[in-house]
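Each remark here refers to the structure printed beneath this line.
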Amino acid sequence: MKDELKNLGSDVTEVVIRINSVGGYVGEASAIYQLLKEHPANIHVKIDGEAISCASWIAMAGDKITIAEHGLMMVHDPSTWISGTADDLRKEAEVLDSYKEVIAGIYAARSGTDVEDVKKMMSDETWMTATQAKDKGFVDEISANKSKPEATNFKAVHIANWQMENIRRRQQLIEAANA
């Protein structure tokens with residue numbers, strides 16, 4: 001992400017970030033969020049399908065956040081996989097608590113929601129439709145689903161016909177080999 005943003009050049013005034021993700025690792029998400037926040041261009045985040053887990057708080061880096069009408073956003077407590085001693089587990093729990101504080105602060109600052117309410121949402125693993133995300137201040141606007149012009153349907157039909165033709169050819173080869 002760092003290289004991608006750097007390669008845009010200094011004259012770019014708007015960057016569009018498209019998200020459709022189930023999330024990932026907190027450390028990576030934190031770095032992506034920070035890179036977007038520090039970039040001088042206006043950041044427009046577009047959630048095309050879903051922004052779940054870390055992807056939902058990367059979205060918070062947007063100066064403007066748009067979610068598809070059918071989009072979903074989910075917030076939850078950070079989690080981890082760990083093995084070790086009881087002391088190891090207690091230390092990791094403290095790390096997770098620290099992550100939760102940081103992430104809840106990001107959601108609260110962007111949405112205007114009280115940080116304690118955000119923490120409850122995270123603990124409850126809250127799924128939001130586009131309308132719910134907008135009503136709670138997690139996104140700025142909802143993009144309406146638009147009908148595609150008929151020409152785009154031609155490609156889908158063409159692909160289906162091409163696939164059927166390949167199936168017919170394959171069947172012909174099998175029949176010829178068995179004859």
If you average the alpha carbon positions of segment 1-65 and of segment 69-84, how far apart do those two centres end up, in angstrom? 18
Where does each of 142, 47, 19 land when they are ranked from fewest to most other beta-carbon atoms within 10 angstrom? 142, 19, 47
At 0.692 mPa s and 37 °C, Stokes diffusion of segment 47-90 via Kirkwood alpha-carbon radius, µm² per second: 262
How big is D for segment 2-143, in µm² s⁻¹ as a whole number, if Stokes-Einstein is applied with the Kirkwood radius of its Cα pairs at 4 °C and 1.567 mPa s? 83
Starting with the highest mean, order 94-102, 129-137, 69-77 by the number of other Cβ atoms within 10 Å, averaged over the residues of each peptide. 69-77, 129-137, 94-102
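Every number here is computed from the coordinates shown, using simple stated rules; none is lab data. As the structure is a prediction and not an experimental result, all values here were calculated from the model. We place every Cβ from the backbone using ideal geometry, glycine too, and count neighbours over all the protein chains shown.
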